[in-house]
Amino acid sequence: MSYLTATQVKALLDGIDTTTWTGRRDQAMFTLAAHTGLRVSELISLTVDSVHLGTAAHVACTGKGRKHRATPLTTATAALLKTYLHERHTHPGHALFPNPRGEPLSVDAIGQRLRTHVRRAARACPELAGTHVTVHTLRHTAAMRFLAAGIDTAVIALWLGHESTATTSIYLHADMDIKRRALERTRQPDVVAGDYTPPDSLLAWLQGL
C-alpha cells in the first residue's frame, strides 16, 4: 500500500504553482484530499455548497452507496478553501473544482494534474521522483496520519465513509463529534506522519478503503 510521509505531502502542496488560477484550484483540491481522505469520485461531485465554513467547518459529500457524510476541516484547510471560493465568485450548485469551462474535472484530468505536481515537487523532494501518486494515495495518507495518532480503526473507517454496519450503529449520532476528536489527535506535536509502520493486517485493511 502506498502513502506519503508528512514531508512528501508538504513538498507536493507547497510545490504547486499558485500564480495561476488552475494552480490555486489544484492546491485547494489536493490539500482537501490529503487532509480528508475523500475519494476521487467524491472530489468530483463536490459543489460550492458542499463546503460549510465558519464554526464547525466541514465538507459534505456523497460516497459509495449514496451514503452522505460530513468531514471536519482543519483551520488551515478551511482558510484555504475560503480564499479559493472568494476568488471564484460562484453560486451554490456549481462544481467546487471545475475545469476552465465550469464543468466538474474528470478522473483523468485530476490524475494528470496530480502527476504534474508530483514531478514538480520531486525537484525539492527527490524521494518523490518516479513515485506513482493518485488521489487514492492521498486517501491512504490521511488514514495513515490517523493511525499514527492512535485513532481506532473503527473511527478511521467512519471518517473515510467505509464503516461497517456495526460501526454505523455505534457512532451514528456522535458522528461529527468523534471525527472532530480524531482531528484534534492528529494535531499533537509529537505525532509525525510517515514514522509509524502498522502491522501487515492493518496495511491489508487500509488497502481496501
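Structure data summary
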{"read-out": "FRET E, pair T7, H91, Förster distance 25 Å, beta-carbon r, rounded to 0.05", "value": "0.05"}
{"read-out": "Low-density loop positions, trypsin sites (Lys or Arg not before Pro), the range 49-90 - DSSP coil, at most 15 other Cβ in 10 Å", "value": "K67"}
{"read-out": "The range 26-39 - phi-based ³J(HN,Hα) in whole Hz, Karplus 6.51/-1.76/1.60, Gly and Pro as x", "value": "5, 5, 5, 5, 6, 5, 4, 4, 5, 9, 10, x, 5, 6"}
{"read-out": "Virtual paramagnetic centre 7 Å along Cα→Cβ of T22, amide N under 13 Å, in the range 91-119", "value": "98-102, 105-106, 109-117"}
{"read-out": "Computed label-point distance, nm, for sites A124 and S41 using a 7 Å Cα→Cβ extension", "value": "3.4 nm"}
{"read-out": "Efficiency of FRET from Cβ geometry, D152 and N99, R₀ 45 Å, rounded to 0.05", "value": "0.70"}
{"read-out": "K67-T131 FRET efficiency (beta carbon distance; Förster radius 22 Å; 0.05 resolution)", "value": "0.10"}
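Throughout, read-outs are computed from the coordinates displayed, never taken from laboratory work. Given the structure is predicted, the values throughout are model-derived calculations rather than measurements. Reconstructed Cβ throughout: ideal geometry from the backbone, glycine too, with neighbour counts over all protein chains shown.
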